[in-house]
Amino acid sequence: MQIVILPTADDVADYGAQLFIRQLTKHPQSVLGLATGSTPLALYRLLIHACQQQQVSFARARTFNLDEYLGLAAEHPQSYRYFMQQHLFNAIDILPENTAVPDGSAADPVAACQQYEQQIAAAGGIDLQLLGLGRNGHIGFNEPSSGLRSRTRIKTLTPATIADNARFFQPDEYQPHLSLTMGIGTILDARKVLLLATGANKANAVQAMIEGPLTAACPASALQLHQHAIVVLDEAAAAQLADIEFYRHIERENQALLHRLANQ
Ligand code: GLP
């Protein structure tokens with residue numbers, strides 16, 4: 001795991017956006033894995049700006065989102081499809097047919113999950129997967145106890161996740177308790193993974209993900225198995241890390257090495 005600790009949440013968004021821009025500049029036909037939640041919003045705003053300034057194009061890219069609520073149609077304002085349209089897709093030059101979000105209103109959601117896996121495989125796999133982090137250590141909607149090699153499937157949400165996401169729903173609005181989510185195995189298959197976490201309420205999950213044991217009790221700890229996982233944190237989210245100075249030291253060494261190689 002590469003651990004990058006930056007002063008503020010804005011710095012985290014900027015770092016993430018630069019990574020996406022570099023990926024698309026090098027490989028315009030990249031397959032991108034995308035996430036919802038509050039954390040990626042600032043990154044999406046930066047990508048929209050870069051696209052409008054013609055610094056990056058999504059015209060040849062494809063995207064696959066991590067998850068969706070089961071029972072919400074694409075037009076539902078709380079669906080993750082709707083979120084993606086509002087916060088990214090409608091404002092960039094991506095072709096609508098090249099964006100995929102699990103289908104929350106599929107007549108046969110079990111089959112829809114299998115098809116989603118087939119679609120990802122047919123696209124050649126995911127080049128760069130963006131992740132947020134749940135307070136309970138979930139990635140996508142892979143709640144604690146999720147199989148570490150799981151594939152896209154239906155998952156029951158924990159009461160803690162339902163409570164965390166209740167802020168997006170009206171008090172009298174139906175809030176789904178089930179989801180369709182890429183599995184942990186699906187996420188681990190991505191060639192590169194970028195997890196962003198900001199704010200003090202993520203600090204315990206961040207500590208468990210990086211310094212805890214590899215365990216289904218903290219699904220994000222599965223990233224310890226990934227060969228190219230980058231975790232970008234602000235100071236508040238990094239605050240519970242025991243070895244924080246060591247991670248800063250490694251990152252300074254990494255940057256110095258990159259600088260030396262670039263100047264050779
Ligand atoms: C949601 C999503 C996750 C997201 C997480 C954190 O439930 N399914 O993909 O990463 O919770 O959300 P936030 O970024 O709003 O803290």
- Provide the net charge surrounding R81, with neighbours chosen by a C-beta distance below 10 Å and charges set as Lys +1, Arg +1, Asp -1, Glu -1. -3
- Task: Obtain the nm distance between the two label points defined at A106 and A262 by a simple spin-label model: each point lies 7 Å from its Cα along the Cα-to-C-beta direction.
- Result: 4.3
- Comparing T152, T25, T186, which has the greatest mean-square fluctuation in the GNM of the chain with Cα pairs linked when under 10 Å apart? T25
- Task: Starting from one equal scatterer on each C-alpha and no solvent at all, send me the Debye-based log10 I(q)/I(0) for segment 2-262 at q = 0.08, 0.15 Å⁻¹, two decimals.
- Result: -0.29, -1.11
- Message: To make sure I understand, if each residue's beta carbon is the centre and we count other beta carbons within 10 Å, what order do R45, R81, R62 fall in, fewest to most?
- Response: R45, R62, R81
- Task: Show that you can apply the helix-only estimate: for the chain, add -39,500 (n - 2.57) for every DSSP H stretch of four or more residues, divide by all residues, and state [θ] at 222 nm to the nearest 500.
- Result: -11000 deg cm²/dmol
- Give, in nm to one decimal, the length gained when the segment between S38 and I250 is fully stretched (0.36 nm per residue of separation minus the Cα-Cα distance). 73.4 nm
- Let me have the relative contact order for segment 107-228, percent, based on Cα pairs under 8 Å that are six or more residues apart. 35
- Percentage, to the nearest whole number, of Cα pairs in segment 41-182 over 22 Å apart: 41
- Message: With +1 assigned to the C-beta of every Lys and Arg and -1 to the C-beta of every Asp and Glu, and no other charges, what is the dipole magnitude of segment 145-264 about the Cα centre in debye, to the nearest 20?
- Response: 500
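Net charge within 14 Å of M182 by Cβ-Cβ distance, Lys/Arg positive one each and Asp/Glu negative one each, not counting M182 itself?
With Lys, Arg at +1 and Asp, Glu at -1, the neighbours total -2.
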- Spatially proximal lysines relative to K202 (Cα-Cα < 27 Å; intrachain offsets below 8 disregarded): K155, K192
- Between G124, G33, G132, which gets the highest mean-square fluctuation from a Gaussian network model of the chain, Cα cutoff 10 Å? G124
- Task: Starting from the Cα of A123, step 7 Å along the direction of its Cβ; do the same at Q170; then give the gap between the two resulting points in nm.
- Result: 3.3
- Query: Once label points are set 7 Å from the Cα along Cα→Cβ at both S57 and D93, what is their separation, rounded to one decimal in nm?
  - Reply: 0.4
- Note on the structure: Taking every other residue with Cβ under 13 Å from the Cβ of L72 and scoring Lys and Arg +1, Asp and Glu -1, one gets -4
- Query: Which of the helices in the chain meet the span-like rule: DSSP H, Cα axial reach of 18 Å or more, Kyte-Doolittle mean at least -0.5?
  - Reply: 9-26, 109-122
- Query: If you average 1/r over every pair of different alpha-carbon atoms in segment 147-247 and take one over that average, what Kirkwood value in Å do you get?
  - Reply: 15.1
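Only the coordinates and a few stated rules stand behind these numbers; no lab work does. The structure displayed is predicted, hence computed values, not measured ones. Backbone-built Cβ (ideal geometry, glycine too); neighbour counts: all protein chains shown.
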